[in-house]
Amino acid sequence: MKAPTALVVDDEPELVAYLRAALARLWPELQVLEAGDGPAALALFETHRPEVAFLDVQMPGMTGLEVARRIGGRCHVVFVTAFEQYALQAFEQAAVDYVLKPVEDDRLAETVERLRARLLAPPADLTALLAALARERPAREYLEWLQVQDRKDLVLLAADEVDLFQSSEKYTVVLSGQSEWIIRTPLQDLEEQLDPARFWRIHRNAIVRVGAVARVSRNASGQLVVHLRRGDRAIPVSRAYARRFKQM
Amino acid sequence: MDLRETDPACGGEARGASARSGSLTRRYYLSAIPITFVANTLIGGFLWLLLREDLWSLMVCSHAIGWPILLLHGAVHLVDRGERVPEWAVSAFSIAVGAVVGIGLTRAILRDRLWPLDLRSLAITAATVLVFGVAVSYFFVSRALLAKGQARLREELLAREEGARRLAEAELKLLQAQIEPHFLFNTLSNVLQLVDSDPPRAKRMLRNLTSYLRGSLGRTRAGATTLGEELELVRAYLEIQAVRMGSRLAWRIACPDEIREVPLPPLLLQPLVENALRHGLEPKPGGGEVAVSAAREGNELVLEIRDDGLGLDPRQPAGVGLTNVRERVRAMSGGRGSLTLRPAPAGGLCVRIVLPLDPAPPPVRAAGGTA
């Protein structure tokens, strides 16, 4: 029988060296291939078809989980991770092999023992586990940064710094404290991208950050008016959007 | 969140401060006494010129109407602490009831000595009282609103500063506790490897880890530190990361010696350098460079962290670190400092902090107390 081959993937070179040395002690006949990122690992996998892959979970570009998904059950996988609370639980439940960094010889020896015993059996199916882990990622992300032109500089403005978006003709005016900028994104697009829990449309031409509102009053004609914490701006609330404030 | 519905009319503006400004109201009514006296006397004089009736009677009439108006106005406000009744209604009520009470009072004082005045005089008296009453009320109301508005503004400014300071303080504590487990365990793994393969480097790595932990955990309790100390923490962190990332990380720190002793609140640069690595360089397959620089420009300290990593993900929220640094820069410099983020020309991100370098009062000390 040909000597088994293992692929060791980690973006930290010293940790690849460490795992290689430890494996050499515990499993002398094992051939070891090294890769520093996901794409290199997949290329090596396709050419050498190793029996085992040690995959670091957190890597630039492509995570170890993604590499495992692409390998798709064609070899035995051991995940290597420093700290991945949610993943560890999943690994335990799915009885997938993993080792923690810093890798200890005793723990690695157990893993090697198991791998040797399983080498002839087909690799475990990780599809369900990987699908479950993929679901853990946040479902929806919102616009958090805006690029605004500040004199001749492009400046990044955190959405939470903005008090008010107000449309005027072709532009949208962005108000933050005493500063104002102009962006070209229409209010409608902003409303779709911003977190609806933090940003409220209050008028056909205005979106306000809820945290920037000091209070709401009623003007002489009975219309609701929003007052901002910073600056003394008062923005009318159109009837269609007034209901949100009345519930409070 | 503080969303309160308030009533229309000017009364709404004064709300909020009233509960806290009882002393202000008292002061306002005390100052109203001489003004009311002068106004009543003027009204009496004016009526005398107009009607040519007995001056003494007209003075009595004018004062008898003027004082009840003031008292009623004060009494309504005393009862209506929450200021639920709009100001115009309070004024109208005081003037109307005050006038009736005043006329009754006048009759009681003067008996039938000169009373009743003829119908024409009575109409003129009533009209005059009304016009003056409205004018004086308006004067008082706007003065009170102005004073209350100013007091509220002062209170709000104080509260806001205090709030920002507390927030930043609380978050700084959080920040201290947030040494990334990933970073810690991976660093220890590297040390474990280097102990065998390269003992001198392993030693250096442990020393750097010690500096990093001491700087991140302990130093913050000591309050203000210096720019040099902060850069030392950044250096220790970058050296560790350079071992971890190997050839993927290049770094530079540039700071002239003469500004190393400038006081600086702790953990002002380090969270930003960590951000540059965590979001910019670590996830970038080829890695890149981070350059940290400090310079004096005129009377300002300019700190810059520039990387050529992935740049800012527009959908990644600003982390605790960045928000905390921004709040502290704002709090410590009284609005004169700034933190600006820019996309770097080579891709990546450039964060620039500008702080005033005042000899006195040292802005850093003010914030140092908060840290």
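Could you work out the mean count of beta carbons from other protein chains within 10 Å of each residue's beta carbon in A:147-154? Can you show the working numbers first?
On the way: counts 5, 0, 0, 2, 0, 0, 5, 4.
Mean partner-chain Cβ count within 10 Å for A:147-154: 2.
Once you average over the residues of A:159-169, how many Cβ atoms of partner chains fall within 10 Å of each Cβ? Let's see the in-between values first.
Numbers: counts 4, 4, 3, 0, 0, 0, 0, 0, 0, 0, 0.
Taking the mean over all residues of the peptide, I get 1.
Sorted by accessible area with a 1.4 angstrom probe, largest first, how do A:Val173, A:Val237 fall?
The residues order as A:Val173, A:Val237, largest area first.
What you get for chain A, charging only the Cβ of Lys and Arg (+1) and of Asp and Glu (-1), is a dipole of about 1720 debye around the Cα centre.
Per residue of peptide B:185-196, the mean number of Cβ atoms on other chains within 10 Å of the residue Cβ is 6. What translational diffusion coefficient, to the nearest whole µm²/s, does the protein assembly as shown have by Stokes-Einstein, given a Kirkwood radius computed over alpha-carbon pairs, a temperature of 10 °C and 1.306 mPa s viscosity? Taking Rh from Cα pairs, D becomes 52 µm²/s. B:Trp67 sits with roughly 70 Å² accessible to a 1.4 Å probe, with DNA, RNA and ligands left out of the calculation. B:Leu47 sits among other residues whose Cβ lies under 13 Å from its own Cβ, and their net charge, with Lys and Arg +1 and Asp and Glu -1, is 0.
Applying both filters, DSSP loop and at most 16 other Cβ atoms within 10 Å, to the trypsin sites (Lys or Arg not before Pro) of the range A:1-35 gives A:Lys2. Shown is the FRET efficiency for A:Ala3 and B:Arg201, computed with R0 = 35 Å from the Cβ-Cβ distance and rounded to the nearest 0.05: 0.60.
Taking a straight Cα-Cα cut-off under 14 Å and skipping sequence neighbours fewer than 8 places away in the same chain, the aspartates and glutamates within cross-link reach of B:Lys203 are B:Glu239.
Around A:Thr5, under 10 Å between beta carbons, what's the net of Lys plus Arg minus Asp minus Glu among the other residues? Walk me through the intermediate numbers first.
On the way: positive: A:Lys2, A:Arg49; negative: A:Glu51.
That works out to +1.
Defining a contact as two alpha carbons under 8 Å apart and six or more residues distant in sequence, what relative contact order in percent does chain A show? Relative contact order here is 10 percent.
Estimated at the nearest 10 Å², the accessible area of B:Glu161 is 130 Å² with a 1.4 Å probe. Note on A:Gln31 and B:Thr41: their simple-model spin labels are 11.3 nm apart, each label 7 Å out from Cα toward Cβ.
Electrostatic bookkeeping for A:Ala95 treats Lys and Arg as +1 and Asp and Glu as -1; over the other residues with beta carbon under 14 Å from its beta carbon, the sum is -2.
For the peptides B:200-206, A:7-13, the ranking by mean Cβ contacts within 10 Å, running from highest to lowest, is A:7-13, B:200-206.
Given a 1.4 angstrom probe, I'd like the percentage of the accessible area of the range A:29-132 that is carbon and sulfur, rounded to a whole number. Intermediate results must be reported in sequence, preceding the final value.
Working: 2550 of 4950 Å².
Using a 1.4 Å probe with all protein chains present, the range A:29-132 comes out at 51 percent carbon and sulfur.
A helix-only calculation puts the protein assembly as shown at -15500 deg cm²/dmol for mean residue ellipticity at 222 nm, using -39500 (n - 2.57) for each DSSP H run of at least four residues, averaged over all residues.
The values are calculated or read from the model by the stated rules, or taken from the named source; none is laboratory data. The structure displayed is predicted, hence computed values, not measured ones. As a convention, Cβ positions derive from the backbone with ideal geometry for all residues, glycine included, and neighbour counts pool all protein chains shown. For accessibility, only protein heavy atoms count, side chains too; no ligands or nucleic acids. Shrake-Rupley method; radii C 1.70, N 1.55, O 1.52, S 1.80 Å.
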